[in-house]
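First comes the structure, then the notes that go with it.
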Amino acid sequence: MTDVEYRAVSPGEEFYRTYTAAQVESVVAALSERAEFPYELTYLGGGSRLWHAGETPSNSDNTPVLGDMDTILTRYAGALLALAPAPLPVRIIDLGPGTTRPVRGLLRHLLDQSRLEGYRAIDISAELLELSRQNLSAEFPELADGFDLRCGDFTGPDLAQVLALADDSHRDGPGPARFVVLAGGTLYNFADPGRVLRHVGEAMREGDVLLLTLRIDTGVDRPPFMDRVSVGPYKPQQLAGMDLLGIDRSCYVPEIGYDRERSEVFVRVRFAEPVAVEVTVDGRPRTVRFAAGDTVVVWRYLYVDRSVVVDQLARNGFAVELFEHGESGQVVLVAATPAGRTGAA
Ligand SMILES: C[S@@+](CC[C@H](N)C(=O)[O-])C[C@H]1O[C@@H](n2cnc3c(N)ncnc32)[C@H](O)[C@@H]1O
């Protein structure tokens, strides 16, 4: 038997500058336990650059879909406002605001109706949060001091920072209605969207409304890679994690495909040769090895139809109040309230 020769690679300074010790640890855990680079971490550092260029990274070159993602909250702003009992003011709580492009029309509508109480956001990427601040200040200069933007991970304990009741409780009556926004398909990039839904639902209170914007499977315009895995296309952000780990692009081939069992579109890299990734975690070296032919998922998107979306919300404690399609039909806006705590309280 011959020993396998691995190409040894290790991250450079930029990797350790970009990620906290806990994030480095979660990269190693994701690589070794589920052969995945956590996509949310690619919004940090260099991966954020695409968003500055005004581009929305996605695996669809379908511009009507991208356009709908940006406009659907504005299009249904009136119907959304009707979910907040008048005359309560509305606070927007944006989970992963990115460029803030999709939410600005809704903010404008609430402002015009004298119903905007405030805007608060949490994003894992300091770079994207700075972009959010710039874009909001440019469009709403009169409100610039009132935007409350915080850096953190909404899938963990940081969520309490933005949904804490104390800040929004008013001594003489109910606090504002709160719209908790999770836009741009972000929910379906997570390996376990149900867990994220339960986590968000547990932090919500009576009167809060969750607003999701998602691309769903309508059975038409299915991308050809749903039938067979193909080489590419990929977006630069999807390989940002591999780049930061110091894995040269000559070591692997990027593939796009559809996992029928999980109903997920994925981008993954397939190693062309054995690779050993050496990372320092808490001062100690850790090595994750990949054989030739092994794959690492770098992006995923749950691609399901309307009934699955509604069922998933119900199973994770939400009642759907509104379900609307954008112009292309494939982008939807879903408003849901934590079950047992109705929106029109
Ligand atoms: C797909 S983009 C959507 C941006 C924006 N909501 C939109 O619709 O255009 C995802 C955003 O969520 C942020 N994000 C992803 N995972 C996160 C997490 N676990 N905690 C906080 N922010 C996260 C990213 O940094 C990015 O700004």
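The values are calculated or read from the model by the stated rules, or taken from the named source; none is laboratory data. Since we're looking at a predicted model, the values are computed, not measured. For neighbour counting, all protein chains shown are included, and Cβ atoms are generated from backbone atoms with ideal geometry for every residue, glycine included.
Details
- In region 133-151, the residues that are crowded, with 18+ Cβ neighbours inside 10 Å and either under 26 Å from S26 (Cα atoms) or β-branched (V, I, T) (or both): L149
- Per the listing T218, T280, T213, the residue uniquely buried (at least 22 other Cβ atoms within 10 Å of the Cβ), polar (S, T, N, Q) and over 17 Å from V297 (Cβ atoms) is T213.
- Boolean, V180 is modelled with pLDDT of 95 or more, within 16 Å of T337 (Cα to Cα) and outside any helix (DSSP H, G or I): yes
- Selection from region 32-81 of residues that are at pLDDT 95 or above and on the phi > 0 side of the Ramachandran plot: A35
- In the set R249, R262, R268, only one residue is surrounded by 15 or more Cβ atoms within 10 Å (Cβ to Cβ) and of a type in the set (K, R); that residue is R268.
- S137 modelled with pLDDT of 95 or more, more than 9 Å from the ligand (Cβ to nearest atom) and among the polar types (S, T, N, Q): yes
- Within region 64-82, residues that are acidic (D, E) reach partners that are modelled with pLDDT under 95 with beta carbons closer than 7 Å, at six or more positions or on different chains, in the pairs D68/E327; D68/S328.
- Residue within region 315-335 that is surrounded by fewer than 15 Cβ atoms within 10 Å (Cβ to Cβ) and without any contact (Cβ under 8 Å) to a residue 40 or more places away in the chain present: no
- If you go through region 336-345 and keep only what is surrounded by fewer than 18 Cβ atoms within 10 Å (Cβ to Cβ) and either modelled with pLDDT of 95 or more or of a type in the set (V, I, T) (or both), you end up with just T342.
- Residue within region 172-180 that is surrounded by 16 or more Cβ atoms within 10 Å (Cβ to Cβ), farther than 20 Å from G47 by Cα, within 11 Å of the ligand (Cβ to nearest atom) and among the charged types (D, E, K, R) present: no
- Every pair of residues 6+ apart whose Cβ atoms lie under 6 Å, when the first sits in region 16-33 and is touching a residue at least 40 places away in the same chain (Cβ under 8 Å) and over 13 Å from V296 (Cα atoms) while the second is part of a helix (DSSP H, G or I) and among the small types (G, A, S): T18/G45
- Residue-level check: of (1) without any contact (Cβ under 8 Å) to a residue 40 or more places away in the chain; (2) part of a helix (DSSP H, G or I); (3) within 29 Å of A21 (Cα to Cα), A240 misses just (1).
- Within region 66-107, considering residues that are within 16 Å of the ligand (Cβ to nearest atom) and charged (D, E, K, R), the one surrounded by the fewest Cβ atoms within 10 Å (Cβ to Cβ): R75
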